[in-house]
Amino acid sequence: MSHPTTNDTVSITYVGKLDNGEVFSTIDEKEPLQAIIGNSELPPTLEQAIIGMKIGETEKIRVSPDESFGPRQKDLIQTIDNQEIIDSLQPKPGMIIAIKIEKEGREEKVPATVIEVSDSKVTVDYNHPLAGHHLTYEVTLIDIKKQQ
């Protein structure tokens, strides 16, 4: 049995967990994830582990924040003084809301997690919810399509 190499397309399933055991993502055999080895579609640690696997093999791989969603950035936590947001969205801690921001002269909506609500102020976190976390993937290699 061969191992995947650069430019091979692999099909994998996985269960992704945080250090506390909470599952953040599952990909099962009904719709396996397909990725091309060497195209930076997967975190490098995950890709290197898959290169060493054979079809049907399962491995646990731990990925650092630097290879996934990055470290948490304190400057992405902001308090917004806006009664309109409170009245229209009625935010509560833990909710993910879309907030309009101006970026490069255009207005766009970005997701933010509500941390705290008080009077007319809302404290939100623009970090990705998985930022700063080590992620553990239990990966099974389902198939390898060799490059032509």
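The values are calculated or read from the model by the stated rules, or taken from the named source; none is laboratory data. Worth saying up front: this structure is predicted, and the values here are computed from it rather than measured. Ideal geometry is used to build each Cβ from the backbone, glycine not excepted, and the neighbour counts take in all protein chains shown.
Pairs, please: C-beta under 7 Å, at least 6 apart or cross-chain, first residue under 13 Å from Thr140 (Cβ atoms) and at pLDDT 95 or above and in the range 20-34, second surrounded by 13 or more Cβ atoms within 10 Å (Cβ to Cβ) and of a type in the set (Phe, Trp, Tyr)?
Going by the 7 Å Cβ cut-off, the qualifying pairs are Ile27/Tyr14.
Does the range 106-146 hold any residues that are under 18 Å from Asn20 (Cβ atoms) and charged (D, E, K, R), and which are they? Working first, answer last.
Of all residues in the range 106-146, those under 18 Å from Asn20 (Cβ atoms) come to 113, 127-138.
The answer is Glu138, and nothing else.
Yes/no per residue for (1) of a type in the set (D, E, K, R); (2) within 16 Å of the chain's Cα centre (by Cα):
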{"site": "Ile36", "(1), (2)": "no, no"}
{"site": "Leu46", "(1), (2)": "no, yes"}
{"site": "Gly52", "(1), (2)": "no, no"}
{"site": "Glu67", "(1), (2)": "yes, yes"}
{"site": "Gly70", "(1), (2)": "no, yes"}
{"site": "Gln90", "(1), (2)": "no, no"}
{"site": "Ala112", "(1), (2)": "no, yes"}
{"site": "Lys145", "(1), (2)": "yes, no"}
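Within the range 117-142, restricting attention to residues that are at pLDDT 95 or above and among the acidic types (Asp, Glu), which residue is surrounded by the most Cβ atoms within 10 Å (Cβ to Cβ)?
Out of the qualifying residues, it is Asp125.
Here is a check on your reading of the model: is Ser88 hydroxyl-bearing (Ser, Thr, Tyr), touching a helix residue (DSSP H, G or I) at 6+ places or on another chain (Cβ under 9 Å) and not in a strand (DSSP E or B)?
Values: hydroxyl-bearing (Ser, Thr, Tyr): yes; touching a helix residue (DSSP H, G or I) at 6+ places or on another chain (Cβ under 9 Å): no; not in a strand (DSSP E or B): yes.
So Ser88 fails the test.
Scan the range 116-138 for residues that are in contact with a Leu (Cβ under 9 Å, 6 or more places away or on another chain) and in a loop (DSSP other than H, G, I, E, B) and jot them down.
Tyr126, Asn127, Leu130, Ala131, His133, His134, listed by residue number.
I need a count of the residues in the range 135-148 that are touching a strand residue (DSSP E or B) at 6+ places or on another chain (Cβ under 6 Å) and more than 16 Å from Leu33 (Cα to Cα).
Matching residues across the range 135-148 total 2.
Pairs only if they're at least six apart or on different chains, beta carbon under 8 angstrom, first in the range 65-82 and closer than 27 Å to Pro44 by Cα, second among the acidic types (Asp, Glu); list them, first residue then second.
Cβ pairs passing all conditions: Leu76/Asp125.
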